[in-house]
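These notes are about the structure you will find just below.
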Amino acid sequence: MSQRSETPARAQEEIEECPCKEGMKPDVDVARRRLLLSAAAITAMPGQLAAATPAKAPPGAVLYDVPENATKVMGRPLLEDGGYGTRSQFETAVRMRADNPNDMTSWSFTPLADTIGNLTPSGLHYERHHGGIPAIDPAKHYLYVHGLVDGPKKFSVADIKRLPSITRKYFIECSGNTLDEWSKPKGKTVQVTHGLLSTSEWTGVPFATFARHVGLKDNASWVLGEGADAAVMTRSIPLDKMLSDGLIAYGQNGEALRPEQGYPLRLVLPGYEGNMMIKWLRRLQVSDRPFMTREETGRYTGLMPDGRARQFYYAMDAKSVITFPSGEMMLPKPGHYQIRGIAWTGRGRVQAVDISLDGGKNWVPARLDDVPEPMCTVRFSYPWYWDGKPAILQSRCIEDSGYVQPTRTDLVALRGEHFVYHYNAIQSWAVAADGSVANVHV
Amino acid sequence: MYTSRTLLSVFIAALFALSVPVQARDDEDIGTPVTEAELSAFFAILPDGEGLPPGSGNAVQGLAIYAEKCAMCHGEKLEGIYDTGAPPLAGGAKSLATKQPLKTIESYWPYATTLYDYIWRSMPFHEPGSLTADEVYALSAYILSVGKVIGEGEVMNAQSLPKVKMPNANGFYVDPGPDRLIYRPAKAPPAKK
């Protein structure tokens, strides 16, 4: 409990350790960090140079002595880490828990401003659990495929790994990502506003392969996915989607799935809302109609202003966000900056990204930093000269269908303020004359 | 003397011997057939009642179970207790089109069978899957009766539960896809005087 609540605060403090981030956070935090450091130096580490080394290794790192000159002393031997590896003790980015009362049914945010490139490190992939994270022995885990099939079967994890696999990069976004922004600009940082988004390289076996092994009946049209967690999470998925690109994944970024991501098996439905991609997958029941589970009726449905609700809203719409500069950062002085961000769509590929420096009045094209792939994020950038005057930075994603990411005004006009899920409006970051950056609505 | 051709065929044979067990063919017989008995450990209840087990319960029985196993999280009056993470289960009637919609089983959920399915698979939160079929019917009856969806004396079972008409049964429609308004022309800039 105490460790969990300390993590985000400690991570924020330790960001200040990195000289490259100097000046990117409000001064007040720098001052607080320095105060804490000097206090630690006096009380905990008398006679040591506290500022040179963090007092405690960040999660996933090991604390080593840092020599003045690494060319004058022998480095450490190989495999001292036990053979799995650790990250640098100077890297501090961590997931941050949501401010919810119950950590067994809650979520954690990916630190989008700290991730590099297009893939999210598996240990920073956002989490959403409905009944905690189960510990599952893969030797005792089976995937049952039954219902409207000729011959129901169970497949061991070893069976599944013997089948021909495919490997694809896809993003996963929680349908509740950015849900606090419908009415007021609430999230302080891009980690909180957009951090329920992560991208991985997934490896697994297409559902179509399993379908051939059990034989689908003519009236098969839906598939229930069920997890082996305490929530025994269920969703009904249209068979068309399952057969087009539904994937039974066991690999993530070159290794087995992380437990938080469904070890040993999860369903991956490219572009669809994250909660449908059942983790700890144990069962697929083929049916001729949807099951109307709690997660597709009482939850994950969108309430419209007339009191009726949209159901079976699957694909995550085109969306983008600027990650630098973003909320709570501080630009030290006028000058050249590289605006950076992420764009994605669950309905195809990102075609282009536009940038506005004046709150949406004028738009210019950004540079795409990697080649767009279907249902995958892309990084974008834009070289910007900040003249020191207040500016409102925005990005908008244009997908290959021609769909353009809407403004918040347009989205609220369409859906009201109680839709909760699938918020994909343009995000605005206001840069003040003092260089501070804040979440605003325009 | 071995000819180079002999050596080559030995080499190819060795390659086959190595590669055969590595990956199954797509059409190879993989997986184990399962019996209905093995599958009976699983359930998923459909709106027409398919999958509901034998058993029954009413609101009076449900109240006693609720007080013992549910009230500590969901509240004595089904109002939900924020600090436990448990949402309200009743209330919110006619609130959905207002500025403060309250989505509960009473006001929002379209099918009573979903209630049975969810309680049976996920509740109580700290002891999931521990309730008997009779207990789940009784709890369903109690929650529905507090919301005045059914009368206090009504018995819930595999026949009666699917027939319960939820207040918001007609409140859902299939999402139509990207909103058409997004494809309309951008608003014209205000005319200059």
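Please indicate, with yes or no, whether at least one residue in the range A:387-406 is among the charged types (D, E, K, R), out of contact with any Asp or Glu (no Cβ under 8 Å at 6 or more places or on another chain) and more than 14 Å from chain B (Cβ to nearest Cβ). Within the range A:387-406 (the criterion being among the charged types (D, E, K, R), out of contact with any Asp or Glu (no Cβ under 8 Å at 6 or more places or on another chain) and more than 14 Å from chain B (Cβ to nearest Cβ)), the answer is yes, since at least one residue qualifies.
Within the range A:71-92, residues that are closer than 18 Å to residue A:60 by Cα sit with their Cβ atoms under 7 Å from residues that are part of a strand (DSSP E or B) and of a type outside the set (D, E, K, R), at 6+ positions apart or across chains, in these pairs: A:86/A:61; A:87/A:61; A:88/A:61; A:89/A:61; A:91/A:61. Among residues of the range A:409-427 being in contact with a helix residue (DSSP H, G or I) (Cβ under 8 Å, 6 or more places away or on another chain) and at pLDDT 95 or above, the one that is nearest to residue A:175 (Cα to Cα) is A:421. Against the condition surrounded by 15 or more Cβ atoms within 10 Å (Cβ to Cβ) and within 14 Å of chain A (Cβ to nearest Cβ), how does residue B:176 come out, does it pass? Against the criterion (surrounded by 15 or more Cβ atoms within 10 Å (Cβ to Cβ) and within 14 Å of chain A (Cβ to nearest Cβ)), residue B:176 does not qualify.
Considering each of A:249, A:318 in turn, give the residue that is away from every other protein chain (no Cβ under 14 Å) and either charged (D, E, K, R) or touching a residue at least 24 places away in the same chain (Cβ under 8 Å) (or both). Steps first, please.
Working: A:318 fails: away from every other protein chain (no Cβ under 14 Å).
Just a single option satisfies the conditions, and that option is A:249.
When restricted to residues that are within 14 Å of chain B (Cβ to nearest Cβ) and more than 28 Å from residue A:374 (Cβ to Cβ), the range A:407-441 contains 6.
From the list A:347, A:340, A:289, A:299, which one is charged (D, E, K, R) and part of a strand (DSSP E or B)? If you could, list the steps in order and put the result at the bottom.
Working: A:347 fails: part of a strand (DSSP E or B); A:289 fails: part of a strand (DSSP E or B); A:299 fails: part of a strand (DSSP E or B).
Answer to the check: A:340.
Which condition number does residue A:132 fail, the rest of (1) at positive phi; (2) in contact with a helix residue (DSSP H, G or I) (Cβ under 9 Å, 6 or more places away or on another chain) being met? Among (1) at positive phi; (2) in contact with a helix residue (DSSP H, G or I) (Cβ under 9 Å, 6 or more places away or on another chain), residue A:132 violates only (2). Considered as a group, the residues in the range A:303-315 that are within 7 Å of chain B (Cβ to nearest Cβ) and within 14 Å of residue A:175 (Cα to Cα) include one that is surrounded by the fewest Cβ atoms within 10 Å (Cβ to Cβ), and that residue is A:312. Among the residues of this structure, residue B:88 counts as one that is in a loop (DSSP other than H, G, I, E, B) and out of contact with any Lys or Arg (no Cβ under 7 Å at 6 or more places or on another chain).
Restricting attention to the range B:153-167, which residues are within 14 Å of another protein chain (Cβ to nearest Cβ) and either in contact with a strand residue (DSSP E or B) (Cβ under 8 Å, 6 or more places away or on another chain) or hydrophobic (A, V, I, L, M, F, W, C) (or both)?
So in the range B:153-167, the residues within 14 Å of another protein chain (Cβ to nearest Cβ) come out as B:161-162, B:164, B:166-167.
Those that are within 14 Å of another protein chain (Cβ to nearest Cβ) and either in contact with a strand residue (DSSP E or B) (Cβ under 8 Å, 6 or more places away or on another chain) or hydrophobic (A, V, I, L, M, F, W, C) (or both): B:161, B:164, B:166.
Here's the yes/no breakdown for (1) more than 22 Å from the chain's Cα centre (by Cα); (2) surrounded by 18 or more Cβ atoms within 10 Å (Cβ to Cβ); (3) in a helix (DSSP H, G or I):
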{"site": "B:42", "(1), (2), (3)": "no, no, no"}
{"site": "B:57", "(1), (2), (3)": "no, yes, no"}
{"site": "B:63", "(1), (2), (3)": "yes, yes, yes"}
{"site": "B:73", "(1), (2), (3)": "no, yes, yes"}
{"site": "B:79", "(1), (2), (3)": "no, no, no"}
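Considering the range A:213-248, the residues that are of a type in the set (Asp, Glu) and surrounded by fewer than 19 Cβ atoms within 10 Å (Cβ to Cβ) include one that is nearest to residue B:34 (Cα to Cα), namely A:218. Within this structure, residue A:284 fails the test of being within 14 Å of chain B (Cβ to nearest Cβ), in a strand (DSSP E or B), among the hydrophobic types (A, V, I, L, M, F, W, C) and surrounded by fewer than 24 Cβ atoms within 10 Å (Cβ to Cβ). Taken over the range A:387-411, the criterion of being surrounded by fewer than 19 Cβ atoms within 10 Å (Cβ to Cβ) and in contact with a Cys (Cβ under 6 Å, 6 or more places away or on another chain) is satisfied by no residue. Under the condition of being assigned to a loop (DSSP other than H, G, I, E, B) and either without any contact (Cβ under 8 Å) to a residue 40 or more places away in the chain or buried (at least 20 other Cβ atoms within 10 Å of the Cβ) (or both), the residues counted in the range A:421-433 number 7.
Could you check, for the range A:372-379, whether at least one of its residues is assigned to a loop (DSSP other than H, G, I, E, B) and within 14 Å of chain B (Cβ to nearest Cβ)? No, the range A:372-379 contains no residue that is assigned to a loop (DSSP other than H, G, I, E, B) and within 14 Å of chain B (Cβ to nearest Cβ). Scanning the range B:94-152 for residues that are at the interface with chain A (Cβ under 9 Å from one of its Cβ atoms), of a type in the set (D, E, K, R) and on the phi > 0 side of the Ramachandran plot gives a single hit, B:94.
In the set (1) within 19 Å of residue A:239 (Cα to Cα); (2) without any contact (Cβ under 8 Å) to a residue 24 or more places away in the chain, the condition left unmet by residue A:211 is number (2). Quick one: would you say residue B:95 is under 18 Å from residue B:69 (Cα atoms), without any contact (Cβ under 8 Å) to a residue 60 or more places away in the chain and outside any helix (DSSP H, G or I)? So residue B:95 does not fit the description; no.
Might you let me know whether the range A:51-64 holds any residue that is assigned to a loop (DSSP other than H, G, I, E, B) and loosely packed, with under 10 Cβ neighbours inside 10 Å? The answer is no; no qualifying residue exists.
Please specify each residue of the range B:75-88 satisfying the condition of being under 25 Å from residue A:291 (Cα atoms), within 10 Å of another protein chain (Cβ to nearest Cβ) and not small (Gly, Ala, Ser).
Filtering the range B:75-88 down to residues under 25 Å from residue A:291 (Cα atoms) leaves B:86-88.
Then keep just the ones that are within 10 Å of another protein chain (Cβ to nearest Cβ); that gives B:86-87.
Within the range B:75-88, just B:87 meets the criteria.
Of the residues making up the range A:290-302, those that are within 7 Å of another protein chain (Cβ to nearest Cβ) and closer than 18 Å to residue B:42 by Cβ number 4.
The values are calculated or read from the model by the stated rules, or taken from the named source; none is laboratory data. None of the values given here were measured: they were computed from a predicted structure. Cβ coordinates were reconstructed from backbone atoms using ideal geometry, including for glycine residues, and neighbour counts include every protein chain displayed.
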